[in-house]
Amino acid sequence: MKTIVHVTCDFPDPMVGAKTRSVQNLVENTAGHYRHVVYSLNRANWKTGVVPLKFGVDRTALSYGAPPKGLFHASRLKPVAAWILDDLRANGVSPDVIHGHKLSVEGLIALDMSQALARPFVCDIWGDTDLKICEARRDLAPKWKAILNDAAAIFPCAPWATDKFEALFGIDRAKATVLPPIVKHDTFTEPTAAGGPRLVTLFNMNVHRRKNFAGLVAAVNEVAKSVPDVTLDVWGVGGPEALSEVTEIIAKAGAGGRVTLKGPLPEGEFESVLNGYVAFVMPTLRETFGMVFVEALFCGLPILYTQGWSVDGLFKPEEVGYAWNGQPDDVVRGLRHLIANEQPLKASIAALHARGGLDPYKRDGVVATYRGVIDGVLGT
């Protein structure tokens, strides 16, 4: 069995348990095909050195010291690469391929490890975070280019990520394969009529600014001038400050009777609840991917998403909903379009599913994509 060494900041571990499960899902769903050795990274502000904590077979959490805001970013990752290399040698692990799960952080480590071990590495482009770091640290542009040039394969989260990194640093598109995260809800539910202009959104309230919630509420109010019975249900949880801020946004907009905070979505009722709306709407300002958009499509629900972010480029907008262009009045146009075209859009999504258009975003589809690229790198 071939061995993949994963270097990732996004893997739940005993140091930080509340991380996205995207990497963990990929590892768990390909465990029968490869041996996965995982190093889960956690930055400690203003500390020095590397502190390990084993939390399972082939699982190690690492705390590494580095200042905030990207200070000494590359230099503080050098000891992390060195520690992992020493640990691999001490445990007799010889990786067949190294996977750095974020270009701007883990990619630097994977590049060093690849050069030290003479083993190929693959690297993700994880949209928003990678763009922020790579644009902020233009002095490291030679490193970003080296990662993109030397990687045996590149996994952008969506086509727009490839486009933006090609414009910034150049990229060999032949090496780039879109690898979406594995979503939790990937069983298709046949669309039903909502029975009224009922819209829905779902997000973590703590990041309501990035989700552009205030802009969405304002747009719903504007739509209400021509569609008086339009409503927006808001599912999700957050801390007390965030919930107070979101409540204040609704109150100041005078949308209390139109926009309703629903709290956490009941476990096991995701598909049945979402299926009863006209559309899922979330005009985010920046979004790496947004698994909920894909999950909404599996619920038969049209979506409003943002051009140049999230799931842009994975689907034709006219087939799945509306791609918002970033201007406030375009959210209004998008909501009106979704309400007016509920039935044809839902029929289009059902047809997309019927011809296999959603298959690449199912668990088996993502696994097949990953295995195809990794096996190609390994020559197996």
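The values are calculated or read from the model by the stated rules, or taken from the named source; none is laboratory data. All figures in this text were calculated on a predicted structure; none of them were measured in a lab. Using ideal geometry, Cβ is built from the backbone for each residue, glycine included, and neighbour counts are taken over all protein chains shown.
Restrict the check to region 327-335 and report whether at least one residue is without any contact (Cβ under 8 Å) to a residue 60 or more places away in the chain, surrounded by 15 or more Cβ atoms within 10 Å (Cβ to Cβ) and within 22 Å of the chain's Cα centre (by Cα). Within region 327-335, not a single residue is without any contact (Cβ under 8 Å) to a residue 60 or more places away in the chain, surrounded by 15 or more Cβ atoms within 10 Å (Cβ to Cβ) and within 22 Å of the chain's Cα centre (by Cα). Scanning region 273-284 turns up no residue that is among the hydroxyl-bearing types (Ser, Thr, Tyr), farther than 24 Å from residue 155 by Cβ and either assigned to a helix (DSSP H, G or I) or without any contact (Cβ under 8 Å) to a residue 24 or more places away in the chain (or both).
Inspect region 241-252 for any residue being in a strand (DSSP E or B), over 23 Å from residue 193 (Cα atoms), in contact (Cβ under 8 Å) with a residue 12 or more places away in the chain and assigned by TED's automatic domain parsing to the domain that holds residue 222 and give the result as yes or no. Looking through region 241-252, none of the residues is in a strand (DSSP E or B), over 23 Å from residue 193 (Cα atoms), in contact (Cβ under 8 Å) with a residue 12 or more places away in the chain and assigned by TED's automatic domain parsing to the domain that holds residue 222.
Taking region 146-179 only, how many residues are part of a loop (DSSP other than H, G, I, E, B), surrounded by 21 or more Cβ atoms within 10 Å (Cβ to Cβ) and out of contact with any strand residue (DSSP E or B) (no Cβ under 6 Å at 6 or more places or on another chain)?
Our first condition is that a residue be part of a loop (DSSP other than H, G, I, E, B); within region 146-179, this holds for 151-152, 157-158, 170-172, 177-179.
Filter once more, so that each one left must be surrounded by 21 or more Cβ atoms within 10 Å (Cβ to Cβ): 151, 157-158, 171, 179.
Within this subset, residues satisfying the condition of being out of contact with any strand residue (DSSP E or B) (no Cβ under 6 Å at 6 or more places or on another chain) are 157-158, 171.
Selection size over region 146-179: 3.
The lone criterion from (1) in a loop (DSSP other than H, G, I, E, B); (2) closer than 20 Å to residue 307 by Cβ left unmet by residue 216 is number (1).
With the requirement that a residue be of a type outside the set (S, T, N, Q) and in a loop (DSSP other than H, G, I, E, B), what does region 285-300 give you? Answer for region 285-300, where residues must be of a type outside the set (S, T, N, Q) and in a loop (DSSP other than H, G, I, E, B): 285, 286, 287, 289, 290, 299, 300. Under the condition of being touching a residue at least 24 places away in the same chain (Cβ under 8 Å) and basic (Lys, Arg), which residue from region 25-48 is nearest to residue 375 (Cα to Cα)? The qualifying residue nearest to residue 375 (Cα to Cα) is 35. Within region 364-380, residues that are more than 18 Å from residue 151 (Cβ to Cβ) have Cβ atoms under 6 Å from residues that are hydroxyl-bearing (Ser, Thr, Tyr) in these pairs: 367/30, counting only partners at least 6 apart in sequence or on another chain.
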